1. Go through the stretch 267-280 and give me each residue that's free of Cβ contacts under 8 Å to residues at least 24 places away in the same chain and surrounded by 13 or more Cβ atoms within 10 Å (Cβ to Cβ).
2. In the stretch 139-153, which residue that is in contact (Cβ under 8 Å) with a residue 24 or more places away in the chain and within 12 Å of residue 93 (Cβ to Cβ) is nearest to the chain's Cα centre (by Cα)?
3. Filter the stretch 221-260 down to residues that are over 28 Å from the mean Cα position of the chain (by Cα) and touching a residue at least 60 places away in the same chain (Cβ under 8 Å) and give me whichever is nearest to residue 286 (Cα to Cα).
4. Residue by residue through the stretch 175-208, note down the ones that are assigned to a loop (DSSP other than H, G, I, E, B) and touching a strand residue (DSSP E or B) at 6+ places or on another chain (Cβ under 8 Å).
5. Go through the stretch 297-330 and give me each residue that's in contact with a strand residue (DSSP E or B) (Cβ under 8 Å, 6 or more places away or on another chain) and under 14 Å from residue 255 (Cα atoms).
C-alpha cells in the first residue's frame, strides 16, 4: 500500500467516523423524541406546575434540533480537515437561534400566564392586551437574539444604528401606514370599544373579533370568512358593539283586516300585553302593545318589547314562541290577518240610464 493510498484510506476512516458520530446523535434525537420527552412530560404533568409544562412544550422542537446541531458540531470537531472560525461562529449562531426559537414559543404561550395572573391576583389584564403583550415580548426576544448574532459575526451594532439613523427619514415615510395602524391599535386598547370575542358592526364589516395585532384586527364574519381590518381604519369608524347589549329588541306590526271590531281589537291587545308581561324571558322594563295606525288594507297593532337574552339562537327561540302564542290569540278571538287588498269601483250605464256600482275585490 502506497503512502497516498494510506492517506486516502485514513481520510475515509475519519470521514466515516465523523458521519457515524452525526448519525449517533440523530439516533439520540429520535430516542429523545419518542421516549425521554414523553416520560419527562408525564412527570411534569403530575407535579401540576403549568409553568414547567409550558417550558418543556416550548423547547421540544428546539431540543430535537439541538441534538442534530450537537452531532454536527462533534462530527466536524473530530474530522480534522474542516476547521475555521466561521464554522464555529455559525454553530454558535445556530445555538442562539434554537434558544430564541424556544423563548419565542414560550412567550406565545405566555397568554396563558397572563390569564392565570388575572385569575389569581388583583392585576386585571384586559383580553385585548394579551396578544399585544405576547407579540411585544416576542419582538424583544428576536431583537436581542439578532443583536447577539450580529456581534458574533463581528458586525458593529453602533454602525448599524448609525446607518438606520441616516435612513430614518426614508423608513419613517415607508412606515407611515404601519405607524398609523399601530396608533390605531393604541386607541382601540385605551378606549376599549370592543374586546376579543365581541360581536361588532362597522360600516365595513360585521362579525366576531378573533384577534388584535399591531397592524390589524381580525374579524370572523357570520359567513365564516376572516376579515383583517387595519387598526387605523377601525379606529376612525363608528363601531356598534352588540355584545354589550343588556337586552335585545323585538318590534313589529301585527296587521288585522278591517272586519275586526273594536271589541276584538281591545281584547287582542290586552291578551298580548298580558302574555308579554307574564313571560319569563321578556324584559319587563319596556313593553308596548298599542293600536298604532290605519294602513291601506289593515289595522296595525305595534308591538315593542325586549328579550332578556342577547344570544342570537336563544333570542330567535323566544321570538318564535311569542309568535306562536300571538297566532293562537288572534285565531281564538275570531280575527283575521290582513293581506294587501284593493277595492275597485266600476261605473256601468244600464238601458234605463241608472247607475250601478260593481265592487271587485282584487287579492294579491
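What follows draws every value from the coordinates through simple rules; no lab data is involved. Not measured: the values here are computed from a predicted model. Glycine also receives a Cβ, built like all others from the backbone with ideal geometry; neighbour counts cover every protein chain displayed.
1. 273
2. Checked the stretch 139-153; the qualifying residue nearest to the chain's Cα centre (by Cα) is 145.
3. 250
4. Within the stretch 175-208, 193, 194, 195, 196, 197, 198, 202, 204, 205 qualify.
5. 297, 298, 299, 300, 301, 302, 303, 326, 330, listed by residue number.
The rows are residues; the columns are (1) in contact (Cβ under 8 Å) with a residue 24 or more places away in the chain; (2) surrounded by 12 or more Cβ atoms within 10 Å (Cβ to Cβ); (3) touching a helix residue (DSSP H, G or I) at 6+ places or on another chain (Cβ under 7 Å).
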residue	(1), (2), (3)
262	no, no, no
265	yes, yes, no
282	yes, yes, yes
297	yes, yes, no
319	yes, yes, no
322	yes, yes, no
335	yes, yes, yes
